[in-house]
Every structure is written in structure tokens, then in C-alpha cells.
Amino acid sequence: MADLIEDAQFLEQYQRAVAAANQARATEPRAVAVYYDAINHLIVIRLNSGAVFSFVPDIAQGLGGASKEDLAAVEITPSGTGLHWETLGADFSVLGLLSGCFGTKTWMATLQNRLQSQLA
């Protein structure tokens with residue numbers, strides 16, 4: 001059976017967790033706006049830093065071949081750290097997208113191979 005922690009110990013752990021969350025909120029990139037640019041075929045993310053990041057949806061797992069309507073139905077998670085497409089069943093972390101991660105390891109390997117063959 002798990003030991004119960006004392007109120008003081010709980011309060012200390014809680015305060016550390018809140019401080020860590022506040023630090024992350026202040027330093028990690030978060031989406032403040034997102035939209036699908038149908039003219040240029042881009043997902044465009046505006047970040048809390050004022051920077052803008054965009055990518056072609058075809059390179060993102062689950063987004064390639066989707067309709068304009070489905071691509072436009074993107075939502076920002078409440079924390080601002082993720083993007084969600086309900087109709088497509090697709091989810092991405094903002095930090096992951098910024099670091100070039102557009103799917104699973106298998107997806108990324110396939111994408112890398114496809115891009116290399118196009119360059120050859």
C-alpha cells in the first residue's frame with residue numbers, strides 16, 4: 001500500500017511543479033494561432049515569440065491528401081503546445097514540428113528516403 005505524504009511535503013512538490021510549469025510556459029514555443037493557407041498549400045503556425053513557422057501538409061503523417069476543409073479544421077491544444085485535427089485523427093507537438101518531426105520514426109525514415117530519391 002502506498003504511503004501517504006505529509007501536507008508539507010505535498011505542498012513543496014506542488015510548488016516545484018507549478019514553478020516548472022511557469023518556467024516552461026515562459027521559455028518553450030507555443031502556438032497562438034494556426035491556419036491552413038489554401039493558396040500556398042501550407043499549415044501556418046504563429047508562435048508566442050512572434051515567429052511564424054509553416055510546412056507543407058504532405059510531409060506530415062496523416063495530413064497528406066487531406067481535403068482543404070479537413071486541413072483547415074486544425075485546433076491548438078489548450079496549452080498551446082500541440083496541434084490537433086479531429087477529422088483526420090492527427091496530432092503534432094509544436095516543439096516536434098519545429099525540430100522537423102512530422103510523424104513516427106517509420107514515417108520519417110520513409111519521408112527521408114523519398115526526399116533523397118527526389119534529389120538523386
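Where a number appears in this text, it was derived from the coordinates with a stated rule and is not lab data. Note that the structure is predicted; figures quoted are calculated from it, not measured. Neighbour counts are summed over all protein chains in view; Cβ atoms, including those assigned to glycine, are modelled from backbone coordinates with ideal geometry.
How large is the Kirkwood hydrodynamic radius of the chain, in angstrom, based on all distinct alpha carbon pairs? Intermediate results must be reported in sequence, preceding the final value.
Working: mean 1/r = 0.0603 Å⁻¹.
Its Kirkwood hydrodynamic radius stands at 16.6 Å.
Given H placed on each backbone N at 1.01 Å, which residues far from Val32 in sequence or on other chains put an amide H within less than 5 Å of it?
Amide H to amide H, under 5 Å and 5 or more residues apart or across chains, Val32 pairs with Arg46, Leu47, Asn48.
Per residue of segment 107-120, what does 6.51 cos²θ - 1.76 cosθ + 1.60 with θ = phi - 60° give for ³J(HN,Hα)? Whole Hz please, x for Gly and Pro, Karplus curve as stated.
Computed from phi, the couplings for segment 107-120 are 4, 5, 5, 5, 4, 4, 5, 5, 5, 5, 5, 6, 7, 6 Hz.
How many Å³ per residue does the convex hull of the Cα positions in segment 50-96 occupy?
Working: hull volume 4.0 nm³, N = 47.
Taking only Cα atoms, segment 50-96 has a hull volume of 86 Å³ per residue.
Quick one: 3J(HN,Hα) in Hz for segment 75-86, Karplus 6.51/-1.76/1.60 with θ = phi - 60°, rounded, Gly and Pro as x.
10, 8, 5, x, 7, x, 8, x, 10, 9, 10, 4
Between Arg16, Arg46, Arg30, find the one with the highest GNM mean-square fluctuation for the chain; connect C-alpha pairs within less than 10 Å.
Maximum among the listed residues: Arg16.
What's the ranking of 82-93, 31-42 by average number of surrounding C-beta atoms within 10 Å, highest first?
On the way: 82-93: 16.5, 31-42: 14.1.
Result, highest mean first: 82-93, 31-42.
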